[in-house]
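Asks: Got a structure for you, written out below as structure tokens; questions coming shortly.
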Amino acid sequence: MKSKNYILIFGIISIVILISVQIFIIKSIWIEKEIMFDMKYKSLSREAVDQLRSIKKTDGFDTAFFIMDKYAEGVMTNDISKIKSEAELKVKKEEVFGDITKIMNQEQDLSIYLSAYFKKFRVDNNFSFQIVINSLYLVDFDKKFEIYLNEDLFNISKHDPPVEGSQAPPKPPDMNDQKVTSRILVQRFTREDNYFNISFDYFIDFTNKRNMVLRDMAASLGMSIFSIIVVLIIFMITYHNLMEEKRLSNLKTDFINNMTHELKTPLSTITVAGKTLEMAQIRADDSKILETARMIGKQSVHLNQLINLILEISMWERTQFQLDKKNIDIGELLNDIVESFRTGCGNCAKITQKYELDGIKADIDMVYFTTMINNLLTNAVKYSDKDPEISIEGLKDRDKIYIKVSDNGIGIDRAEQKHVFDKFYRVSSGNIHKTKGLGLGLYYVKRIAESHGGDVTVTSKPGKGSIFTVILPY
């Protein structure tokens, strides 16, 4: 049991390690594919922007910049002069920032051109865009008046216009935000016009990026999953075979121990009887000699039966049964078998019979069939811890005959029922076998039923008895 647990624990640990390694590999491949995905679309996007600038002399924001300049002119020349307090100025800044952001998103043409460019190269063009304004100035160069607008920094200053290319530090993006980390930066744009100075980033974001990356790594993912499944299957098969080998080894050991015990009993009796015959007082009494001779003969027959049974089992393993089938009335044969068994065991059990066979005849080997039923009756008596009560029923259904042998014995645990027909297997209680035998009786029953084209099943509950059902064609 300990070795079984060690093997199971070692196997589970190995599988967990394998799965962990595969997860690490898949995660690494996933990250690599995402990086390659971003690089691919970043490269294509910048190629598209460069081509747009070289051919059309625009970067896709000309319309937006034109509208923004007109809007900024109106704000600087009209609205700002009417503001009387810092609070009003703050509200106006928020309004202006929102309006310019709306103009940038609605009037830009870059996303349309990028979509067409991606389609030209037959790559996915289902993306969304986002414009992040880093810095925005509204400027009146004539009055040397400037307003710096930002989401969280609002102030007003009168000074010389900013040096071209200078900008206030942008608000850093939150890299823990999944939407930020999934975006691809196409390019940072800067523009200075009559009444504004702006710096902004243009991002694209693929809504189905996860599916696209997953599609690219489908082969690697499939191989990883396949390897895990294969290892699991191999482990389960190996573990099952190992446990089966262990079970068969235990059965073999039990068989050798049981056979040794069964063979030693008649041999010991014969040996003792032989030494008894050497005694003078025994030789002088003819009745003692006759009694001892009968004992030797009885044990010799028993010993011969054990040896023949083992030889027969060995023969069955090498060849098929050689059946001598005859068309026999099953009901009559069952009556004869039960009467012979009752007489032979000295009415050792209460046996009831119920047959609904209507004189059905079947092609069977009478000797093997008799042996099969006798084995079931013998087991019913042998494995009973009280006065044995046996019920035999014969039924027919379509082209099948069902012979049920029920008892009130100790029963068989569910875990052992699937093994009771195995060669050398003996049902135990607390690992102590209370009855003699080689574990071949039910194996014999199974082989005989199968050789007739039928089968045998068992249903049982511990302490409630067992029902063995023999199914034969007719």
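The values are calculated or read from the model by the stated rules, or taken from the named source; none is laboratory data. Small disclaimer: the values here were computed from a predicted structure and weren't measured. Note: ideal-geometry Cβ built from the backbone for every residue, glycine included; neighbour counts use all protein chains shown.
Asks: What are the residues in segment 60-87 that are hydrophobic (A, V, I, L, M, F, W, C) and either modelled with pLDDT of 90 or more or in contact with a Ser or Thr (Cβ under 6 Å, 6 or more places away or on another chain) (or both), if any?
Replies: Of everything in segment 60-87, those that are hydrophobic (A, V, I, L, M, F, W, C) and either modelled with pLDDT of 90 or more or in contact with a Ser or Thr (Cβ under 6 Å, 6 or more places away or on another chain) (or both) turn out to be 61, 64, 65, 66, 67, 68, 72.
Asks: Another question, then. How many of the residues in segment 321-337 are part of a helix (DSSP H, G or I) and either touching a helix residue (DSSP H, G or I) at 6+ places or on another chain (Cβ under 9 Å) or at positive phi (or both)?
Replies: 5
Asks: Here's another thing I want to ask about it. Within segment 15-35, track down each residue that is in contact (Cβ under 8 Å) with a residue 12 or more places away in the chain and not charged (D, E, K, R).
Replies: Within segment 15-35, 15, 18, 19, 22, 25, 26, 29, 30 qualify.
Asks: So, one more: If you check 31, 13, which single one turns out to be in a helix (DSSP H, G or I), loosely packed, with under 12 Cβ neighbours inside 10 Å and either within 22 Å of the chain's Cα centre (by Cα) or polar (S, T, N, Q) (or both)?
Replies: So the residue among 31, 13 that is in a helix (DSSP H, G or I), loosely packed, with under 12 Cβ neighbours inside 10 Å and either within 22 Å of the chain's Cα centre (by Cα) or polar (S, T, N, Q) (or both) is 13.
Asks: Looking at (1) at pLDDT below 85; (2) among the charged types (D, E, K, R); (3) part of a loop (DSSP other than H, G, I, E, B), find the lone condition where residue 387 falls short.
Replies: So residue 387 meets the others, but not (1).
Asks: Right, another one. Confirm whether residue 367 is within 25 Å of residue 440 (Cβ to Cβ), touching an Asp or Glu at 6+ places or on another chain (Cβ under 9 Å) and surrounded by fewer than 19 Cβ atoms within 10 Å (Cβ to Cβ).
Replies: yes
Asks: Any idea which of (1) assigned to a helix (DSSP H, G or I); (2) over 30 Å from residue 20 (Cβ atoms) is the one residue 203 doesn't satisfy?
Replies: (1)
Asks: Just to be sure I understand the filter: pairs with C-beta atoms under 6 Å, separated by 6 or more residues or on different chains, first member in segment 248-274 and acidic (Asp, Glu), second member at pLDDT below 75. Which pairs pass?
Replies: So the pair list comes out as 262/306.
Asks: On the given criteria, is residue 415 within 47 Å of the chain's Cα centre (by Cα) and part of a strand (DSSP E or B)?
Replies: Taking the combined requirement at face value, the residue does not satisfy it.
Asks: Mind telling me which of the residues 155, 126 ends up being modelled with pLDDT under 65, farther than 23 Å from residue 189 by Cβ and surrounded by fewer than 18 Cβ atoms within 10 Å (Cβ to Cβ)?
Replies: 155
Asks: Quick one: would you say residue 406 is of a type outside the set (Phe, Trp, Tyr), crowded, with 18+ Cβ neighbours inside 10 Å, out of contact with any Cys (no Cβ under 8 Å at 6 or more places or on another chain) and in contact (Cβ under 8 Å) with a residue 24 or more places away in the chain?
Replies: Here the answer is yes, as residue 406 does meet what is asked.
Asks: Out of (1) surrounded by 15 or more Cβ atoms within 10 Å (Cβ to Cβ); (2) at pLDDT below 90, what's the single condition that is false for residue 57?
Replies: Condition (1) is where residue 57 drops out.
Asks: Evaluate the following for residue 41: is it surrounded by 13 or more Cβ atoms within 10 Å (Cβ to Cβ) and of a type in the set (Ser, Thr, Tyr)?
Replies: Considered against the rule, which asks whether it is surrounded by 13 or more Cβ atoms within 10 Å (Cβ to Cβ) and of a type in the set (Ser, Thr, Tyr), residue 41 comes out as yes.
Asks: Check whether at least one residue in segment 350-360 is at pLDDT below 90 and in a helix (DSSP H, G or I), and report yes or no.
Replies: No, segment 350-360 has no match at all.
Asks: With the structure loaded, tell me whether residue 40 is touching a Leu at 6+ places or on another chain (Cβ under 6 Å), among the charged types (D, E, K, R) and part of a helix (DSSP H, G or I) or whether it fails that test.
Replies: no
Asks: What number goes with the only condition from (1) without any contact (Cβ under 8 Å) to a residue 12 or more places away in the chain; (2) of a type outside the set (Val, Ile, Thr); (3) surrounded by 16 or more Cβ atoms within 10 Å (Cβ to Cβ) that residue 74 does not pass?
Replies: Here residue 74 clears every test but (3).
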